[in-house]
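Below is one structure, written out as structure tokens, with a few remarks after it.
Read-outs: derived from the displayed coordinates by stated rules, not from any lab. Please read all numbers here as calculations on a predicted model, not as lab measurements. Virtual Cβ from ideal backbone geometry, glycine too; neighbours counted across all protein chains shown.
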Amino acid sequence: MVIRPRPFSIKRMPGFSLLALACFFALYMPLAPLVVYSFNAGNNIALWEGLSLRWYVAAWENDLVQSAAIRSVVVATIASVIATVLATMAALGTTRTRPYRGQTSIYAMVNQPLMVPEIVTAVALLILFALIKESTGYHGYAYLVIAHTAFCIPFAYLPIRARLEGMDHVLETAAADLYATPWRTFTKVTLPLLLPGILAGAMLAFVISLDDVVITEFVKSAGQDTLPTYMLGQLRRNITPEINAISTVLLGVSVIMVTVIFFLSRKKT
């Protein structure tokens, strides 16, 4: 009788469960006080004075918070849509074509913003946009949208490319054999199969844009605060549990969207 060795699994390594629990504890335990003290009735962010929704109501009725939140959602929506379209085109150009010279270089260039420190990107955009502002005199929101789009593209690109690489070419080949044009094959076969990856990429880009602080802080003009930069400004002035309440809401939105992204990414072809 031949005894076949079991395939290697990291889950069976000694101490794996304990190490995993320790990692989760280190990641999420600091968030617990933030959430708990967002329901604090008092003005102190570290002294419990009773349970209350006071600071959620205060944040909801704060005109500055409302305008910053609306601005954040608008910028993140526009940036994520543009980034997803460009990322989809890049993913198709690096997976649904015959191998060509420079294909690997293009893949590396698309993902380069993930490797460059965010502060470097922020300073580079600051200098570039300063030159444009000086020559055009325009100081609108387009700079925020362009900046957010630029650093959101690789985040949208990765799940879309992963989805494309996991898709079988049989249906696309069958459509071509039935005399479907490349555009019809894309719209009727490739795009419906790719849709979960596109949605996952768009939602990931939206979350990244919504939470960004560094690049936004360098690029924005006066009166263009997003919700994260507004919170940063409040932390420099007067810290109240209102910041905890806003942070908890942002955390909840991010968790919900990342969960949806996870399930969309797991959906099989």
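Assorted remarks:
- Cα-projected label distance for A142 with M109, points at 7 Å along beta-carbon direction, nm: 2.4
- Relative counts (whole %) of C-alpha pair distances in region 30-75, using bins that are 10 Å wide: 26, 40, 30, 4
- Fully extending the segment from V35 to L195, taken as 0.36 nm per residue of separation minus the present Cα-Cα distance, adds 54.2 nm.
- Whole-Hz ³J(HN,Hα) from phi, Karplus 6.51 cos²θ - 1.76 cosθ + 1.60, for region 67-84, glycine and proline x: 5, 5, 5, 4, 4, 4, 5, 5, 4, 5, 5, 5, 5, 5, 5, 5, 4, 5
- Convex hull volume per residue in cubic angstrom - Cα atoms of region 1-99: 233
- Under the Karplus curve 6.51 cos²θ - 1.76 cosθ + 1.60, θ = phi - 60°, whole-Hz ³J(HN,Hα) for region 132-142, x wherever Gly or Pro sits: 5, 4, 5, 7, 9, x, 8, 10, x, 7, 4
- Shape annotation for region 31-161: C-alpha extents along the principal axes are 65, 39, 24 Å, from largest to smallest.
- The chain, relative contact order [Cα under 8 Å, separation at least 6], %: 30
- One Cα centroid belongs to region 163-193, the other to region 74-122; the line between them spans 22 Å.
- Per-residue ³J(HN,Hα) for region 43-53, Karplus 6.51 cos²θ - 1.76 cosθ + 1.60, θ = phi - 60°, Hz, x for Gly and Pro: 8, 8, 7, 10, 10, 6, 10, x, 8, 6, 9
- Rounded to whole Å, sorted largest first: equivalent-ellipsoid semi-axes of the chain, Cα gyration tensor: 39, 29, 18
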